[in-house]
Amino acid sequence: MRVVVDGRTVEVPHGASVLDAARAAGAPVPTLCHDDRLSPAGQCRVCLVRVDGRIAAACVTAAADGQHVKTGDPDVAAMARLALELTVERLPATALELPTELAACCTELGVGADRFAAAGRGLGRDDSHPYVHLDRDLCIACGRCVRMCDDVQGAFALTLAGRGADTVVAPGAGSWAQSACVSCGGCVDTCPTGAITQAGRPPGTATAAVDTTCGYCGVGCALTVHTADGAVSEITPDRRGPVNRGHACVKGRFAYGFTTSPDRLTTPLVRRGDRLEPAGWEEALAVVADRLGGIVASSGPDAVAAICSARATNEENYLMQKLMRTVVGTNNVDNCSRICHAPSAAGLSAAFGLSGGTNPADDIEASDCLLIAGANPTEAHPVIGARILQQALSSAKLVVIDPRRTALAKIADVHLAGTPGSNVAVFNGLARIMLERGWIDEQFLAQRADGLDELREQLAWFTPEQVAEISGVTPQALLDAARLYGTAGFPSIIYGLGVTEHAHGTDGVRALVNLAILRGAVGTGRGGGVNPLRGQNNVQGASDMGALPDLLPGYQPVADPQARGRCEQIWGCPLPQRPGLRIPQMFDAALDGRVRALYVFGENIAQTDPDSGHVRAALDACEFVICQEIFLTDTAQAADVVLPGASFLEKDGTFVNFDRRFQRVRPALRPPGLARTDFEIINAVAVALGTDLGCPTPSQALDECARVAPLYAGISHIRLDRDGPLHWPCRSPDEPGEARLHQESFATPNGRAQLAARPWLPPGEQTDARYPFVLITGRRLVHYNAGTMTRRTLNLRLSPRETLDIHPADALALGLRDGDLVEIESRRGTVAAPARITGDVSAGQVFLAFHFPEVAANLLTSAAVDEVTSCPEYKVTAVRLRRC
């Protein structure tokens, strides 16, 4: 559409507002109640303009072809000024001293301090929350914060309360700290007056700003880090971010205090006797070179193993796997995807040919049915959880498959609360019903898929009654879920660790993927495909970079002579041909003497890996342990050399998020003391071992990776800085990257999707009379993984300790009340935690997170692993409970 603004003709898309047209023309139209992330409200009336001769609010007036808009007419400006004067007349004049939208609007419309009250209204403050503070005197009741809370986050924690001119925002009936606020910071970001601010951070205190990507979960939120005097002043979500679109969560927005924690590692440590003592870099690297070199010389390169970091950049993981393969000479390199999403890689590769999610995050808003399996995104991936929640509240049907009654399960159209370990049975039951009812795409199956006959034969056993016996899901609920997914026009599957972290996790992924294939909802544009939610910020990228024992960068098998030859030519040395050890195998090999040295990079395996007693025994058994970390974690305390690394706020490089986007990471701070970036450390270790890895900068490392791995041939720092995030595959600098995979064919050998006939098999561990409860482990909203970072921030005030979630009926039977200390014992260990009585778990099941070392949940978890990938079974542990 063409709109004439102040005599200038501009093109705007259909659905644009007059305000959009004015901005396109560069016309200065002030706003106060408007936020581009929210639907326009038209409350403040300061954006008045003349449209085809009539006066209208620009934000709520639709643009039309041939329209004439006039801004800045004196009579219209006078009306806008009057509206603003009425808005501010009871605000304190100090409001003009803050660098806010209100102050800018007053300057633009000529409203001075004489139009404000001499003092405030005496409405008081609310400083109860550790991050968000409210000054009621500065509130103009514009409603932006309420709409942000409702329409973006979906927390519904805020409202407007009071009468007349004293109407202000309120966090429910109590204090802000007692409210349903999830601390996303959206209200802080949108408030135009400074009424809602971040605690201790007055607006405008930053002196520099750097755009980067969040280093917490795998959503990949774009953030702007504001700094002053070498420290973070605040972090704000980048409104240009393709995944978060100007939104963030409590961790990405506020949990950066760890960067200045007094116990940051700032110098290398070397073990002398029983103590880790400070050392210089020269000494620490000499010890590493001497000990590693000696072990390789006496026992061979396979006596050394390395665990890479899903928290580190792509470039650092690329460098580490290259160090192990070219300098040490072993494929004994793995990363934490082994213990979370290895079944995703195996299952998606077998079904589709590539080990990434199939569709971009934006397809959430296009979906008319969302099937969420084994995931709790409102806590573990809050920004994506909010997008799912908003889509479900607005138009889409929602099916949740999860043993727990999560926030999404509470609003779901159908919640299938199958017993832990029953996933394959439930997914197969859904597939059987879809086939029987004809809720499939027969043309797609005939033209683009294999394995239907074998699947039909397997599904004959999975009657709704049989599924109910295994899972506890009623036949009617199973039918209802199958109908919603099977009859949707654009269905999406999003899943998490509740699918993968099982003894038969790969089977679970394959059985879940069957549903999308049967429906023709992948690779066709008729569905949102299948996307796994990644737990850590770069768990996708660490695997992409070849930090795997059997795969080179770009998922090229080490056993493939052509792929190995490409790497050998570029790296300039022969490579080991035999796949190396997986993480669980590394621990077993350490205990039997085959692995003598372990290099742990950015992972606290002593707390996060299953059967922690076994892990700690393996660390003790190793002759030499190197730990590269930012804090002295449990793992670092067991090391012989500790190398102080850098946090994501101090790094240059890239991450890959859950939907396969390469995104830039840029340093906003310098590493503290003598700490170095992990990229610099790995290069230094290589030099100490007598080799130059040939990648002096992160940019050059990614360039080399692009030559090694055809999947990333078109991706570079230069291009990302110029064009923004890129999805892989991106096979040349001229390609835009593939946001939606498999549109023309699948990446399997024959180009067809592969259905999988998988039987249901029982979990690796069973309950019995002695251990009658099932323990499920997972994450909570305000903390992250081992809590290494978040427990060193004010997040600890929001969640100071771990609790055991237990059903009211079980609590009654055990004589427990809220807060009573409970001993939780498995066949491997015992921990204790206060009880939290809740209907969010089913009777016979309990839940613990693993963020707090004092409640070491992984002391309890078993050694059972997925038979295909060795991914541990975190989600099913038999325990017994006793009141302490």
**OP:** Please state which of the following conditions THR419 fails to meet, knowing it meets all the rest: (1) within 25 Å of GLU465 (Cβ to Cβ); (2) part of a helix (DSSP H, G or I).
**Re:** (2)
**OP:** Starting from residues that are out of contact with any Leu (no Cβ under 9 Å at 6 or more places or on another chain) and hydrophobic (A, V, I, L, M, F, W, C), keep the ones in the stretch 357-403 and report whichever is farthest from ALA747 (Cα to Cα).
**Re:** LEU393
Original post:
Can you spot a residue in the stretch 276-294 that is of a type outside the set (A, V, I, L, M), assigned to a loop (DSSP other than H, G, I, E, B) and modelled with pLDDT under 95?
Top reply: no
Original post:
So is THR697 farther than 27 Å from GLY529 by Cα, surrounded by fewer than 19 Cβ atoms within 10 Å (Cβ to Cβ) and among the β-branched types (Val, Ile, Thr) or not?
Top reply: yes
**OP:** Being among the β-branched types (Val, Ile, Thr) and either in a helix (DSSP H, G or I) or closer than 22 Å to PHE587 by Cα (or both) is the filter here, so list the residues in the stretch 307-323 that pass it.
**Re:** ILE307
Subject >> Residue match in the stretch 330-349 (condition: in a loop (DSSP other than H, G, I, E, B), of a type in the set (Ser, Thr, Tyr) and in contact with a Phe, Trp or Tyr (Cβ under 6 Å, 6 or more places away or on another chain)) >> reply: no
**OP:** For residues that are without any contact (Cβ under 8 Å) to a residue 60 or more places away in the chain, within 24 Å of ALA407 (Cα to Cα) and out of contact with any Cys (no Cβ under 7 Å at 6 or more places or on another chain), scanning just the stretch 122-163, find the one that is surrounded by the fewest Cβ atoms within 10 Å (Cβ to Cβ).
**Re:** THR159
**OP:** Answer yes or no: is there a residue in the stretch 664-675 that is in contact (Cβ under 8 Å) with a residue 24 or more places away in the chain and in contact with a Gly (Cβ under 6 Å, 6 or more places away or on another chain).
**Re:** yes
Original post:
Does at least one position in the stretch 480-500 carry a residue that is in a loop (DSSP other than H, G, I, E, B) and surrounded by 24 or more Cβ atoms within 10 Å (Cβ to Cβ)?
Top reply: yes
Original post:
If you take the residues in the stretch 846-873 that are in contact with a Pro (Cβ under 6 Å, 6 or more places away or on another chain) and not charged (D, E, K, R), which one is surrounded by the fewest Cβ atoms within 10 Å (Cβ to Cβ)?
Top reply: SER870
**OP:** May I ask you to say which residue of ALA621, ALA606 is surrounded by fewer than 19 Cβ atoms within 10 Å (Cβ to Cβ), small (Gly, Ala, Ser) and in contact with a helix residue (DSSP H, G or I) (Cβ under 7 Å, 6 or more places away or on another chain)?
**Re:** ALA621
**OP:** Enumerate the pairs (first residue in the stretch 328-349 and surrounded by fewer than 24 Cβ atoms within 10 Å (Cβ to Cβ); second residue anywhere and in a helix (DSSP H, G or I)) with beta-carbon separation below 6 Å, excluding pairs fewer than 6 apart on the same chain, so at least 6 apart or on different chains.
**Re:** GLY329/PRO301; THR330/PRO301; THR330/ASP302; THR330/MET324; ALA346/THR506
**OP:** For the stretch 821-839, name all the residues that are under 23 Å from ARG405 (Cα atoms) and surrounded by fewer than 18 Cβ atoms within 10 Å (Cβ to Cβ).
**Re:** PRO834, THR838, GLY839
**OP:** Collect the residues in the stretch 244-275 that are touching a Cys at 6+ places or on another chain (Cβ under 8 Å), part of a loop (DSSP other than H, G, I, E, B) and not aliphatic (A, V, I, L, M), keeping them in residue-number order.
**Re:** ASN244, HIS247, CYS249
Original post:
Within the stretch 189-200, is even one residue out of contact with any helix residue (DSSP H, G or I) (no Cβ under 7 Å at 6 or more places or on another chain) and surrounded by 20 or more Cβ atoms within 10 Å (Cβ to Cβ)?
Top reply: yes
**OP:** Please work out which one of (1) out of contact with any Leu (no Cβ under 7 Å at 6 or more places or on another chain); (2) crowded, with 21+ Cβ neighbours inside 10 Å is the condition GLN766 fails and give its number.
**Re:** (2)
Subject >> Criterion (small (Gly, Ala, Ser) and within 26 Å of THR267 (Cβ to Cβ)) met by exactly one of ALA639, ALA617, ALA590 >> reply: ALA639
**OP:** Could you figure out which of (1) under 23 Å from ALA312 (Cβ atoms); (2) surrounded by fewer than 24 Cβ atoms within 10 Å (Cβ to Cβ) isn't true of PRO561?
**Re:** (1)
Subject >> Residue check, ASN795 over 28 Å from GLU867 (Cα atoms), under 21 Å from the mean Cα position of the chain (by Cα) and buried (at least 22 other Cβ atoms within 10 Å of the Cβ) >> reply: yes
**OP:** Please state which one of PRO725, PRO762 is of a type outside the set (Lys, Arg), modelled with pLDDT of 95 or more and farther than 30 Å from ALA863 by Cβ.
**Re:** PRO725
**OP:** Test ALA739 against the stated conditions and say whether it is under 30 Å from ALA460 (Cβ atoms), part of a loop (DSSP other than H, G, I, E, B), touching a residue at least 12 places away in the same chain (Cβ under 8 Å) and hydrophobic (A, V, I, L, M, F, W, C).
**Re:** no
Original post:
Of the residues that make up the stretch 362-380, is at least one assigned to a helix (DSSP H, G or I), assigned by TED's automatic domain parsing to the domain that holds LEU479 and polar (S, T, N, Q)?
Top reply: yes
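The values are calculated or read from the model by the stated rules, or taken from the named source; none is laboratory data. Fair warning: this is a prediction, and the values are worked out from it, not measured in the lab. Quick reminder, even Gly has a Cβ in these numbers, built from the backbone with ideal geometry, and neighbours come from all protein chains shown.
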